[in-house]
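Colleague: Submitted below is the structure of interest, expressed as structure tokens.
The values are calculated or read from the model by the stated rules, or taken from the named source; none is laboratory data. Note that the structure is a prediction, hence the values are computed from the model and not measured. Neighbour counts are summed over all protein chains in view; Cβ atoms, including those assigned to glycine, are modelled from backbone coordinates with ideal geometry.
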Amino acid sequence: MLQMFDEVRIASTSETEKSGHADAVGQLFGITTPSSTGVEVIGGVEANVAYNVDFDDRHETAWFAPGLVSFVARPEVTLSIAGKTFTRPQDGDWRDEVPSRPWWKFWT
């Protein structure tokens with residue numbers, strides 16, 4: 001199953017060739033239900049799910065039908081949100097990094 005921030009490849013079909021994304025590799029940035037969000041989905045709407053893929057080298061994102069997106073790799077990811085740090089190693093399990101001391105003890 002695909003997870004956020006996975007490296008993915010877009011299948012080569014007539015639709016992805018027309019959009020210029022055939023065989024492109026990018027990073028999974030989001031999942032949505034097109035009936036609720038109204039996003040334009042390349043490859044049609046399968047089971048009312050679409051994946052948002054970011055193509056860093058092109059500085060663009062696009063929404064794709066799940067059948068067009070395949071797993072390439074699961075990179076290690078670190079996120080900092082509201083003062084907490086979360087890490088996802090390649091095994092895919094998110095872990096929150098526990099600080100060595102409370103946030104309010106900023107001296108030694």
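Colleague: I want to confirm something. Restricting to the stretch 1-24 and keeping residues that are of a type in the set (D, E, K, R) and in a helix (DSSP H, G or I), which single residue is farthest from Asp57 (Cα to Cα)?
Modeller: Ranking the qualifying residues of the stretch 1-24, first place goes to Glu15.
Colleague: Here is a follow-up. Evaluate the stretch 82-90: report whether one residue or more is of a type in the set (S, T, N, Q) and touching a residue at least 24 places away in the same chain (Cβ under 8 Å).
Modeller: no
Colleague: Please tell me if Arg58 is assigned to a loop (DSSP other than H, G, I, E, B) and at pLDDT below 85.
Modeller: Criteria not met by Arg58.
Colleague: Select from the stretch 61-88 the residues that are surrounded by fewer than 14 Cβ atoms within 10 Å (Cβ to Cβ), modelled with pLDDT of 85 or more and assigned to a loop (DSSP other than H, G, I, E, B) and list them in ascending order.
Modeller: Those that are surrounded by fewer than 14 Cβ atoms within 10 Å (Cβ to Cβ), modelled with pLDDT of 85 or more and assigned to a loop (DSSP other than H, G, I, E, B): Pro75, Glu76.
Colleague: Okay, moving on. Can you pull out every residue in the stretch 25-39 that is loosely packed, with under 15 Cβ neighbours inside 10 Å and part of a helix (DSSP H, G or I)?
Modeller: Hits for the stretch 25-39 are Ser35, Ser36, Thr37.
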